[in-house]
1. Just to be sure I understand the filter: pairs with C-beta atoms under 9 Å, separated by 6 or more residues or on different chains, first member in segment 176-188 and in the same structural domain as R232 (by TED's automatic domain parsing) and closer than 22 Å to T17 by Cα, second member of a type in the set (G, A, S) and outside any loop (DSSP other than H, G, I, E, B). Which pairs pass?
2. Kindly check whether there is at least one residue in segment 201-211 that is surrounded by fewer than 20 Cβ atoms within 10 Å (Cβ to Cβ), modelled with pLDDT of 95 or more and more than 30 Å from G238 (Cβ to Cβ).
3. Sort out which residues of segment 42-69 are closer than 30 Å to E351 by Cα, at pLDDT 95 or above and not charged (D, E, K, R), and write them in order of number.
4. Determine whether segment 305-325 contains at least one residue that is free of Cβ contacts under 8 Å to residues at least 60 places away in the same chain, in a loop (DSSP other than H, G, I, E, B) and among the polar types (S, T, N, Q).
5. Scan segment 184-209 for residues that are in a helix (DSSP H, G or I) and more than 20 Å from G362 (Cβ to Cβ) and jot them down.
6. Return a yes/no flag: does segment 150-164 have any residue that is in contact (Cβ under 8 Å) with a residue 24 or more places away in the chain, more than 30 Å from G286 (Cα to Cα) and buried (at least 16 other Cβ atoms within 10 Å of the Cβ).
7. Would you mind telling me which numbered condition in (1) within 18 Å of the chain's Cα centre (by Cα); (2) under 18 Å from V219 (Cβ atoms); (3) buried (at least 18 other Cβ atoms within 10 Å of the Cβ) A372 fails?
8. Would you point out the residue of segment 347-364, among those that are over 21 Å from the mean Cα position of the chain (by Cα) and assigned to a helix (DSSP H, G or I), that is surrounded by the most Cβ atoms within 10 Å (Cβ to Cβ)?
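The values are calculated or read from the model by the stated rules, or taken from the named source; none is laboratory data. Since the model is a prediction, treat every value here as computed from it, not as a measurement. Every residue, glycine as well, gets a Cβ built from its backbone with ideal geometry; the counts of neighbours run over all protein chains shown.
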Amino acid sequence: MAGIEQRSIGIVMNGVTGRMGYRQHLLRSILAIREQGGLRLADGAVLLPEPILVGRSEAKLASIAKDHGIDRWTTDLDEALALPDTEIYFDAQVTSARADAIKKAIAAGKHIYTEKPTAEHTEGALELARLARDAGVKAGVVQDKLFLPGLRKLKRLVDGGFFGQILSVRGEFGYWVFEGDWQEAQRPSWNYRAEDGGGIIVDMFCHWRYVLEEIFAGVRTVQCQGATHIPRRVDEAGRSYPATADDAAYGIFELDGGIIAQVNSSWATRVFRDELVEFQVDGTEGSAVAGLRRCRVQHRAMTPKPVWNPDLPAGEDFRAQWQEVPDNEQFDNGFKVQWELFLKHVVLGEEFPWDFLAGARGVQLAELGLRAWRAGRRLDVPDLKL
């Protein structure tokens with residue numbers, strides 16, 4: 001680009017051979033930023049991310065690097081962190097390996113951007129936040145669902161006062177993950193082994209914490225019923241193994257202001273909804289149903305008056321009584337959008353609120369969800385401080 005200053009920023013990307021690390025973070029975020037010519041900054045310069053791939057498999061790393069024209073990759077994390085032209089460390093490894101790698105990166109003076117959960121336990125997540133703060137490095141946690149078009153439209157409705165007083169939130173997330181015997185599983189086998197950091201509560205409650213708090217209100221209490229509906233699965237090598245982690249969770253959360261949220265999460269359910277995740281919000285003035293991309297509303301003035309009569313077939317098309325919320329803007333990939341915000345945070349110091357303390361709040365809710373399930377009771381969710 002003649003006449004335009006171009007800056008490079010080295011990013012150590014650990015875990016890019018996994019599904020999420022490769023598809024969303026490398027392919028659809030970092031490489032997509034490069035393919036668009038870089039990230040335009042407020043001062044007119046263009047920032048070009050330079051990925052250094054890290055993983056455990058030489059063959060997989062070499063294949064990805066060759067496919068996408070990436071020059072640098074290694075199986076040695078210490079070697080990558082020692083490179084003088086790297087400023088950011090990104091982690092998309094299995095949960096059990098994440099905290100130790102992040103500690104190494106903090107000690108090396110790198111800024112940190114990571115998938116969640118940031119650690120296996122709340123205290124470990126808080127330790128990472130303290131280490132990053134004391135080292136003076138910037139830290140961010142992926143909170144991708146905030147950038148989904150459907151939830152951005154939902155947030156627009158909340159901010160605009162569409163609902164009046166919000167009464168309740170009901171979320172449905174999940175799909176059938178094949179057991180791995182007669183059809184290949186869509187998720188890696190470690191997801192179903194508690195000893196490897198697996199489990200849907202650990203995975204999804206981190207998401208539900210920031211979705212509920214950023215769009216609606218703070219989470220005050222949690223109740224949870226977990227389950228391991230599929231007791232045995234088959235791994236990537238064709239070996240049968242016992243599923244030691246929960247594959248479904250049924251949560252009830254009390255939010256500030258008396259809002260009640262119910263969220264079902266399951267890898268053992270078949271989808272009969274328009275999208276893989278949907279939230280219905282009911283308020284005194286109106287209701288909305290939001291998914292990954294769509295958001296539909298029904299205002300108080302347009303609400304029909306259904307009558308319960310089990311002796312007659314339903315005579316109304318209830319779905320047709322809702323209105324579509326328009327896009328009103330172009331929505332880019334949510335992972336890419338948050339990557340761009342974090343890069344600007346590192347280079348220009350722009351605001352980025354999704355830090356390691358935010359990540360620790362997600363870990364806290366997952367840990368409390370597991371405890372509530374085992375104890376069979378409702379638990380308070382205390383405020384977290386460094």
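1. From residues that are in the same structural domain as R232 (by TED's automatic domain parsing) and closer than 22 Å to T17 by Cα, the pairs are V177/A268; G180/S189; G180/S240.
2. no
3. The answer is V46, L47, L48, P49, P51, I52, L53, V54.
4. Let us first name the residues in segment 305-325 that are free of Cβ contacts under 8 Å to residues at least 60 places away in the same chain, namely 305-324.
Okay, now just the ones that are also in a loop (DSSP other than H, G, I, E, B), so 305-317, 322.
With among the polar types (S, T, N, Q) added as a condition, the list becomes 309.
Yes, there is a match, as at least one residue in segment 305-325 is free of Cβ contacts under 8 Å to residues at least 60 places away in the same chain, in a loop (DSSP other than H, G, I, E, B) and among the polar types (S, T, N, Q).
5. Going through segment 184-209, the residues in a helix (DSSP H, G or I) turn out to be 189-192, 194-196, 200-209.
Once the filter is applied, which keeps residues that are in a helix (DSSP H, G or I) and more than 20 Å from G362 (Cβ to Cβ), segment 184-209 yields S189, Y192, E195.
6. For segment 150-164, residues in contact (Cβ under 8 Å) with a residue 24 or more places away in the chain, more than 30 Å from G286 (Cα to Cα) and buried (at least 16 other Cβ atoms within 10 Å of the Cβ): absent.
7. For A372, the failing item is (1).
8. Going residue by residue through segment 347-364, those that are over 21 Å from the mean Cα position of the chain (by Cα) are 347-350.
The next check asks that each one be assigned to a helix (DSSP H, G or I); those that pass are 347-348.
On the way: V347: 20, L348: 12.
This residue is V347.
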